[in-house]
1. Which residues, counting only those in the stretch 47-78, are more than 29 Å from P206 (Cβ to Cβ), open to solvent by 10 Å² or more (accessible area, probe 1.4 Å) and either among the aliphatic types (A, V, I, L, M) or touching a Lys or Arg at 6+ places or on another chain (Cβ under 8 Å) (or both)?
2. With the requirement that a residue be in a helix (DSSP H, G or I) and more than 16 Å from the chain's Cα centre (by Cα), what does the stretch 87-122 give you?
3. Only residues that are more than 27 Å from P129 (Cα to Cα) and surrounded by fewer than 16 Cβ atoms within 10 Å (Cβ to Cβ): list them for the stretch 235-270, please.
4. Looking at the structure I just gave you, is W185 aromatic (F, W, Y), out of contact with any strand residue (DSSP E or B) (no Cβ under 8 Å at 6 or more places or on another chain), farther than 14 Å from G78 by Cα and open to solvent by less than 60 Å² (accessible area, probe 1.4 Å)?
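The values are calculated or read from the model by the stated rules, or taken from the named source; none is laboratory data. The model shown is predicted, which means the values in this text are computed figures rather than measured ones. Every residue, glycine among them, receives a Cβ derived from its backbone with ideal geometry; neighbour counts consider all protein chains shown. Accessible surface is based on the protein model in full, side chains and every heavy atom, while ligands, DNA and RNA are left aside. Shrake-Rupley method; radii C 1.70, N 1.55, O 1.52, S 1.80 Å.
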Amino acid sequence: MTIMPARLPSPPAGAAPESRFADAGGVTYHFHEFGTGPDTIFLHGGGPGCTGWSDFGPVAPYFAADRHCLIVDILQYGKSDKCRISGPMWDFHAAKTVALMDTLGLERADFICNSWGGTIALCLAARYPGRVRSLVVTGSMPVFYGPLAPLPERGHRGRAARDVYYGGEGPTREKMRHLITRLEWYDAARLPEETVEMRWRQSLDPGERELAAMSDSPRGDWQDLTDELGRIEAPVLFVWGREDAFLTPDYPLMLSRMVRRGNLHVMDHVSHHLQEERPAAYHAVVDGFLRSVDHP
């Protein structure tokens, strides 16, 4: 008889460490900073209630053992400024992230990113190549087409989910749980209640609700980064969930061929937030890549 292991909940993010604020190019960023070693910037995804700590808290202790970690709330999320963006959105975020690096005295960094954060970092690497040592990208959509078929819901699945979440009676715990288990996690049984609570409470932030009521209008103009991907000089690892609800693994395989030094790892039994769902496995894969960057 085969005894299957129990499906235990994934570890929650836990209590966030002390945080800081920094002015950068006319906006204010909120971030957590800890650990020593190579400078490493974490940029989170764009789901309702996402913050740097909600997305990377479970995996942060692994990286902080030998890295200087900055876990950033991207603009319009968390405790960072809820500024309005006009013009190309990824160019705006990339420029402000570089301004944050200037403020903090960071000349160059590794970037570990999920979803929206990964697209920001890809744009940054193309526009400011000297500021990026390497990139790790999960679940991002820098181009508006796939290699085999049109993107699900024309690439609008995330926007549609955000509008549904904030619509009707507004944000609730159950709507947050449904959103996460449908789009971000593969195994609903492993989702910690602490994660649902953290995301739901952050989604109630008045600034985030005001932005959500305007849908895409305050977020800037969407950009397709096809041309920019070919300019990226830094090595890139695309780490993808085999069951990603937004983009199947044929999409990052295409991306890995569009950048000069592209690599791809597909992880089983995870969806869009693999760094939360399988943090130890995620760290093992990413750490190996980061250690390989300086080898020919």
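1. A64, A65
2. Of everything in the stretch 87-122, those that are in a helix (DSSP H, G or I) and more than 16 Å from the chain's Cα centre (by Cα) turn out to be D91, F92, A95, K96, V98, A99, L100, M101, D102, T103, L104.
3. Hits for the stretch 235-270 are R242, D268, H269.
4. Working: aromatic (F, W, Y): yes; out of contact with any strand residue (DSSP E or B) (no Cβ under 8 Å at 6 or more places or on another chain): yes; farther than 14 Å from G78 by Cα: yes; open to solvent by less than 60 Å² (accessible area, probe 1.4 Å): yes.
Spelling it out, W185 is indeed aromatic (F, W, Y), out of contact with any strand residue (DSSP E or B) (no Cβ under 8 Å at 6 or more places or on another chain), farther than 14 Å from G78 by Cα and open to solvent by less than 60 Å² (accessible area, probe 1.4 Å).
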